[in-house]
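Enquirer: Shown below is the structure under consideration.
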Amino acid sequence: LTGSAIVHFAMLLHDELMGPQRRVRSMRQHIVICGFGRHGRLVAEALLERAAREKLPLPLMAVVDRGEHGKNMLEVGSEGASLLVPVIRGDVRDRHVLEAAGVTRASHVFVTCNDDVVNLGTALHVKSIGAVRATALVADVELTEHLVGLAKSKDVSILNVYEVAARNLVAELRAKGQ
């Protein structure tokens, strides 16, 4: 074993034994991702890619998830960066679970579950208990249109995946001169 492999193994063992809640308690200005399926993982990877691209420090992150994978720590990686992220297991709608993830100390909370209503409700909930910034991933375009006023009045951002995809497609076409 190389020295770096031994250090990496020791860090993994320490993090697993330390427990995610204890690790999150010391975090400030971190990012909380509620729901760590495909979309949550993409958000985490995009944040890491941005940090690597712009030569920024890696962001501190915590994940709230049902924890069906059974792990207390998840490795999130992208080109040029990887990070061990503590997992707070539980329902994203549960205030105690959200508090254990430190949403009131976080710089941003992203809610990326597979249910638009849960996402929006959780984002509104974390704002009501003191989160600084919250963004809900919503796929239903009509729901987005109906609730954008409510979300803005509560200072919650709604990110509609289809609107983002359409803007990215238009930007790509413009870049190609079409």
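The values are calculated or read from the model by the stated rules, or taken from the named source; none is laboratory data. Keep in mind the model is a prediction, meaning the values are calculated, not measured. Neighbour counts are summed over all protein chains in view; Cβ atoms, including those assigned to glycine, are modelled from backbone coordinates with ideal geometry. With ligands, DNA and RNA removed, areas are computed over all heavy atoms of the protein, side chains included. Shrake-Rupley method; radii C 1.70, N 1.55, O 1.52, S 1.80 Å.
Enquirer: If you go through the range 36-92 one residue at a time, how many are in a loop (DSSP other than H, G, I, E, B) and of a type in the set (Lys, Arg)? Lay out the reasoning, then the answer.
Expert: Initially, the range 36-92 is screened for residues in a loop (DSSP other than H, G, I, E, B), giving 36-37, 54-60, 66-72, 79-80, 90-92.
In the following step, the residues that additionally are of a type in the set (Lys, Arg) were identified as 55, 66, 71.
Number satisfying all stated conditions: 3.
Enquirer: A follow-up question, please. Does the range 20-39 contain any residue that is under 23 Å from residue 124 (Cβ atoms), in contact with a Cys (Cβ under 7 Å, 6 or more places away or on another chain) and at pLDDT 90 or above?
Expert: Checking the range 20-39: at least one residue is under 23 Å from residue 124 (Cβ atoms), in contact with a Cys (Cβ under 7 Å, 6 or more places away or on another chain) and at pLDDT 90 or above.
Enquirer: Another question, if that's okay. If we scan the range 105-117, do we find a residue that is surrounded by fewer than 16 Cβ atoms within 10 Å (Cβ to Cβ) and assigned to a helix (DSSP H, G or I)?
Expert: Looking for residues that are surrounded by fewer than 16 Cβ atoms within 10 Å (Cβ to Cβ) and assigned to a helix (DSSP H, G or I), one finds at least one in the range 105-117, hence yes.
Enquirer: Quick one: is residue 87 among the hydrophobic types (A, V, I, L, M, F, W, C), within 13 Å of residue 62 (Cβ to Cβ) and open to solvent by less than 30 Å² (accessible area, probe 1.4 Å)?
Expert: Taking the combined requirement at face value, the residue satisfies it.
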